[in-house]
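Here is the structure we will look at.
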Amino acid sequence: MDTNQHKLLQGVEAGIITQAQADLLQRLWQEESATEPVPAERSAPMSKFLYYLGALIVIGAMSWLMNTAWEQFRGFGLLAIAAGYAAVFSWLARYFRQKSTVLSGLFVVMAVCMTPLGVFGLQAGLNLWPYEDPGSYRSFYRYIRGGWFSMEVATIAAGLLSLRFSRIPFAMAPIAFTLWFMSMDIAPLLMGPDYNWNMRKQVSLVFGLIMLAAATVVERRQQVDYAKWLYIFGAIAFWGGLSLLRSDSELSKFIYCLINVFMMLCGVLLSRKVFLVFGGIGFFGYLGYLSWDVFKNSIAFPFWLTVLGLAVVYLGWVYHNKYEAIQRFVRGITPQFILTLLPKDRRDKQ
């Protein structure tokens, strides 16, 4: 006897309901359970995995996985294909809007990802290249060229427009990804024919900082976690540009280490693992440089590193036990304008 049937029997015995009413309720529950979908807590993880996997396959098929055979459609043929795909995905997004927020949002993202292909086809058909003819569409994901700029602007515009119709964090992914590409392709447009790789690294670093600043603003104003992807690609652009700016100065290398430590602290403050990952890579990269180059003949260096590691562990233990006191101290010395920049839930934790 299941729980519902037992409760109905108790109700009949207590005189709360009649046996006929109990039979009707039991029949109603049986009919509902027969048509009831799989519980969300069991089906959701696997369903979302399949949704995202399928969406990534589609996006990959129409972007970096396209083969050379597609070059025969160069021009308006590619525009027609991209428009057709986008129309179908938009219709599917609307169809699933009331059925599945995740699935509907992914179809919106797939439609947005058709934008660079469509713009490329339009430009190729009209032979209209504001900066240069960048070559085949496959090169968009392989080579850094100023000719991609108009495709990137159109994709970002389409992505921003799509945020009105997609309420999943992944909707920001094509925007952030394209901004990262733009950080590399914009250098030839800004610097002209005299640009070099060092300038490109500097542009990437500055562009990454702008993306990270935008992420903090978005995080404070939006309930959906759109900021996640801006943080990811902003960190890639900033950290990548910073790490590639090589210098023979030991002071510059030490400052690089401090910046990576600061990134890890930001990761803790903002609860964003991407800062911990890249900051950790940079920090341990600097330790590796010290071990393999600066102190390669030093017997004591590994021992001092061990002492440093144990000291960090001890600091973690002190922080754990004196958390409230440390938080009050940090709040007291932190300028108010910095605290107001944090998202509300982060401010509440401080």
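The values are calculated or read from the model by the stated rules, or taken from the named source; none is laboratory data. Since the structure is predicted, the reported quantities are computational estimates derived from the model, not experimental observations. FYI the Cβ positions are ideal-geometry reconstructions off the backbone, even for glycines, and counts take in every protein chain you see.
Laid out as a table, the results:
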{"quantity": "Close pairs (7 angstrom Cβ cut-off, 6 or more residues apart or separate chains): in the same structural domain as Leu287 (by TED's automatic domain parsing) and more than 15 Å from Gly280 (Cβ to Cβ) in the stretch 244-270, surrounded by fewer than 16 Cβ atoms within 10 Å (Cβ to Cβ) and aromatic (Phe, Trp, Tyr) anywhere", "calculated": "Lys253/Tyr289"}
{"quantity": "Residue match in the stretch 306-326 (condition: surrounded by 13 or more Cβ atoms within 10 Å (Cβ to Cβ) and either closer than 30 Å to Gly240 by Cβ or modelled with pLDDT of 80 or more (or both))", "calculated": "no"}
{"quantity": "Residue in the stretch 243-257 that is under 22 Å from Ile326 (Cβ atoms) and outside any helix (DSSP H, G or I) present", "calculated": "no"}
{"quantity": "Condition met for Ala213 (exposed (fewer than 15 other Cβ atoms within 10 Å of the Cβ), of a type in the set (A, V, I, L, M) and either within 23 Å of Ser183 (Cα to Cα) or touching a helix residue (DSSP H, G or I) at 6+ places or on another chain (Cβ under 7 Å) (or both))", "calculated": "yes"}
{"quantity": "Only one of Leu251, Leu244, Leu270, Leu265 that is surrounded by 15 or more Cβ atoms within 10 Å (Cβ to Cβ) and not acidic (Asp, Glu)", "calculated": "Leu270"}
{"quantity": "Ala227 vs. criteria aliphatic (A, V, I, L, M) and in contact with a Phe, Trp or Tyr (Cβ under 6 Å, 6 or more places away or on another chain)", "calculated": "no"}
